[in-house]
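Step one of this worksheet: look at the structure below.
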Amino acid sequence: MKFVLIVGPQAVGKMTVGQALAARTGLKLFHNHETIELVRPLLSLDRAEGWALVMELRESVFRHFARSGQAGMIYTGVWAFDEPEDRAYFEGIFALWREACPAVEIFIVELEADLETRLARNRTENRLLHKPSKRDFEWSDADVRGSAEKYRLNSLPGEITEPNYLRLDNTHLSAEEAAQAIAERFGL
């Protein structure tokens, strides 16, 4: 089984590239907003209870899927590299996969794009279709800008130590071009 993690700042194109990669490889896409958008109408994400449920749902999906016998999963997320709890979160995901499916192959794709590109992508039809919480443009644009100022959302050289790792600047790439580069790099 394969587990492909696509990380990068908000609106860099993780979900859209994941969709293109899923179409190309047959792997299943589980983007991080699927749990956020499920929980958001039920419990506030400004409170610990809301985020706890998001995390429990994700973990449950990972565990069940890892035992499903399917080819693999693509998962997306934002990784604040200057936040130790984010590293612990992603290392926990890798450990969960390795425990549930010892033969799993883990691949990490880190996307990067300049802020202007990300602000334009923040308003794309595909993003808004799958992420209703992003439809408040004033809030969403401010969140993209604020996170870029507050956190380091791309890694430093050597910071990601998993052997199957690719950093890809997709500022000038279509989702299909990025997916092709990923598939070719990892033989997916």
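Name the helices (complete DSSP H segments) of the chain with a Cα length along the long axis of 18 Å or more and a Kyte-Doolittle mean of at least -1.0, or state none.
Working: long enough: 48-66 (27 Å, 0.22); 84-100 (24 Å, -0.46); 137-150 (19 Å, -1.05).
Flagged H segments are 48-66, 84-100.
Counting each DSSP H run of 4 or more residues in the chain as -39500 (n - 2.57), what helix-only mean residue ellipticity at 222 nm follows after dividing by all residues, to the nearest 500 deg cm²/dmol?
-15500 deg cm²/dmol
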Next item on the list: Can you send over the carbon and sulfur percentage of the accessible area for region 116-188, probe radius 1.4 Å, protein chains only?
Entry: 50
Next item on the list: Can you tell me the dipole magnitude for region 1-127 around its Cα centre, using point charges on the Cβ only (Lys, Arg +1; Asp, Glu -1), in Debye to the nearest 20?
Entry: 560
Checklist line | Relative contact order of region 1-104, defined on C-alpha pairs under 8 angstrom at six or more residues apart (%) | finding: 43
Next item on the list: Leaving out ligands and nucleic acids, note down the accessible area per residue over region 40-94 with a 1.4 angstrom probe, in whole Å².
Entry: 55
Check: With the chain treated as a Gaussian network of Cα nodes joined by springs under 10 Å, which of K150, K14, K131 yields the largest mean-square fluctuation?
Finding: K150
Notebook entry, point to check: When the chain is modelled as a GNM with alpha-carbon springs shorter than 10 Å, which of R58, R67, R118 fluctuates the most?
Noted result: R67
Note to self: For a test of the definition: using alpha carbon positions, the gyration tensor, and the 1.5 limit on a/c, classify the chain as rounded, prolate or oblate.
What the structure shows: rounded
Note to self: Of L119, F137, S147, which is farthest towards the positive pole of region 91-188's charge dipole, taken about the Cα centre with +1 and -1 on the beta-carbons of Lys, Arg and Asp, Glu respectively?
What the structure shows: F137
Check: Among V144, V61, V109, which one moves the most in a GNM of the chain with springs linking Cα atoms closer than 10 Å?
Finding: V61
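Of all beta bridges DSSP finds with both residues in the chain, what is the antiparallel percent, to the nearest 5? Please report the intermediate quantities before stating the final value.
On the way: 0 of 20 bridges.
Of all bridge pairs located within the chain, approximately 0 percent are antiparallel.
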Checklist line | Given charges at Cβ of Lys, Arg, Asp, Glu: the chain dipole, positive-most of A103, L168, L5 | finding: A103
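The values are calculated or read from the model by the stated rules, or taken from the named source; none is laboratory data. Being a predicted model, the structure only gives us computed values, none of them experimental. Ideal geometry is used to build each Cβ from the backbone, glycine not excepted, and the neighbour counts take in all protein chains shown. These area figures cover heavy atoms from the full protein model, side chains too; ligands, DNA and RNA do not enter into them. Shrake-Rupley method; radii C 1.70, N 1.55, O 1.52, S 1.80 Å.
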